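**Student:** Here it is: the structure, laid out below.
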Amino acid sequence: MQFAGGMNILGALPYGVGVPTRQICPENPTGEKGGACKRIPDPADPDLPHSRFAADLGQGWKVRPFIRAPAGETVTLADIKGPGCINHFSIASDLEQFRAFVLRVYWDGEEQPSVEVPLGDFFAMGHDGATHEVFSLPVTVGPKRGCCCYWQMPFRKHARITLQNECDRDADIVAYRVLYKLHEIPGDAAYFHAQWRRSMTRRDYPEHVIVDGVGGCGLYVGTYLAWTALSRGWWGEGEVKFYIDGDGEFPTISDTGTEDYFGGAWGFEDSDGLEKPFNSPFLGMPLADHGDGHGPRRFGLYRWHLLDGIGFAEDLKVTVQALGWWPGEKYEPLTDDIASVAYWYQREPHVVFPVLPALPQRWGK
């Protein structure tokens, strides 16, 4: 339930009584009522490759807990007839390269996805070579990369979620759950969107575009950055800017620095002078990987605008600068590798996303 001040989670609970609730997972791939756990163990069946573990127990005992995602193929995780709202989505896999997975979500029969993001980045874990836990309100990543999100995703006619494996290796295990409720959706409810971008900032123009070309009426609700600092020293002095509803050269909203936008103050350093990971419900830096001190450093940062969403009526562009310090106390433009996910709600139709870069251009370690 939505209130003027934001989303009151506990206050909404009494209003969900009796609403039909379904869950799609490998044990019930359609989510139908009474449709879970019907398979009979048969390891020879290519659809039941993991059923041998239940051979002595038989039907009803974890016969199809996972699916496979063969190399180069796209699997459909959920295909739901509305109206309804997805309340919870979780996923895990034995494939280590989460950047090789592409998560896409389509609303109400649209041809172009409203969500198109590498899997790990969607869950604020964009550095495959430095896996870590995330503890926030809408997104969590537990030990062994158990990814969960609680973004509320309403739809009126249809919802479809797919996962594409662009790696040259099969994913032998994909475990997932999509929990949703079937109910009418208010006429003013908007659709969930998420878009990924990556760039190498330049010293002559040290700015990364988080999202641009968003057209329509909506609400910006989150930013995730997978930041690779390619030089020594401080990297988080740049400002995050929001260009709203026809802004030209100058934005309407600007933060006072990357450190401030993501909840730090005078950096993120601990007493030893190194950035320290931290998590909180609305913002955090769950990854601060300093490597061996001689190579690139990797940082992961999230900021969820759950109680302070940024509304727009016509269009939106969001950017972040990459700035450090020169000797003599002047800002130093940086060349850094920045990948981002922008999260927002808007009314459809949405502007078609830029073409998602091919795997070699997405690859991260």
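Only the coordinates and a few stated rules stand behind these numbers; no lab work does. Quick caveat, the model's predicted, so the values are computed rather than measured. Using ideal geometry, Cβ is built from the backbone for each residue, glycine included, and neighbour counts are taken over all protein chains shown.
**Student:** Just the C-alpha atoms of the chain: what Rg/Rh do they give, with Rh taken as the Kirkwood radius?
**Tutor:** Details: Rg = 21.3 Å, Rh = 21.7 Å.
Rounded to two decimals, Rg/Rh equals 0.98.
**Student:** Here's something else I'd like to know. I need Thr140, Thr201 ordered by Cβ neighbour count within 10 Å, fewest first. Please report the intermediate quantities before stating the final value.
**Tutor:** Working: Thr140 18, Thr201 21.
Ascending Cβ contact count within 10 Å gives the list Thr140, Thr201.
**Student:** Could I have the simple spin-label model distance between Phe278 and Trp326, label points 7 Å from Cα toward Cβ, reported in nm to one decimal?
**Tutor:** Each label point is offset 7 Å from its Cα along the Cβ direction, giving 3.1 nm.
**Student:** Helix-only estimate, please: 222 nm mean residue ellipticity of the chain, summing -39500 (n - 2.57) across DSSP H runs of length 4 or more and dividing by its residues, to the nearest 500.
**Tutor:** On the way: 4 runs with 16 residues, N = 365.
Taking each H run of at least 4 residues, the total per residue is -500 deg cm²/dmol.
**Student:** Would you tally the net charge around His193, using a Cβ to Cβ cut-off of less than 14 Å, leaving His193 out, and scoring K and R as +1, D and E as -1?
**Tutor:** Details: positive: Arg104, Arg197, Arg347; negative: Asp108, Glu110, Glu116, Asp212, Asp315, Glu348.
Charge balance in the 14 Å sphere: -3.
**Student:** Starting from the Cα-Cα distance between Ala313 and His158, subtract it from 0.36 nm times their residue separation and give me the gain in nm to one decimal. Each step should come with its number before you reach the end.
**Tutor:** Details: separation 155, 0.36 × 155 = 55.80 nm, distance 2.53 nm.
Extra length available between Ala313 and His158 comes to 53.3 nm.
**Student:** For a quick check: sort Tyr106, Tyr331, Tyr205, Tyr224 by the number of other beta carbons within 10 angstrom, fewest at the front.
**Tutor:** Working: Tyr106 19, Tyr331 13, Tyr205 9, Tyr224 26.
With the fewest neighbours first, Tyr106, Tyr331, Tyr205, Tyr224 line up as Tyr205, Tyr331, Tyr106, Tyr224.
**Student:** Find how much the distance from Trp266 to Lys181 grows on full extension, using 0.36 nm per residue of separation minus their present alpha carbon separation; answer in nm with one decimal. Don't skip to the end; give the middle numbers.
**Tutor:** Working: separation 85, 0.36 × 85 = 30.60 nm, distance 4.40 nm.
Result for the pair: 26.2 nm of gain on full extension.
**Student:** I'd like the FRET efficiency for Tyr205 and Asp289, computed as 1/(1 + (r/R0)^6) with the beta carbon distance as r and R0 of 30 Å, rounded to 0.05.
**Tutor:** 0.65
**Student:** Pull up the cross-link candidates among the lysines for Lys317, meaning alpha carbon to alpha carbon under 23 Å and not fewer than 8 places away within one chain.
**Tutor:** Lys241
**Student:** Report the trypsin sites (Lys or Arg not before Pro) located in the stretch 94-197 that are in a DSSP loop and have at most 15 other Cβ atoms inside 10 Å of their Cβ, or state none.
**Tutor:** Details: sites: Arg99, Arg104, Lys144, Arg145, Arg156, Lys157, Arg160, Arg169, Arg177, Lys181, Arg197; in loops: Lys144, Arg145, Arg156, Lys157, Arg169.
Filter output for the stretch 94-197: Lys144, Lys157, Arg169.
**Student:** While we're looking at this one, here's another question. If you average the C-alpha positions of the stretch 54-115 and of the stretch 295-313 separately, how far apart do those two centres end up, in angstrom?
**Tutor:** That distance is 26 Å.
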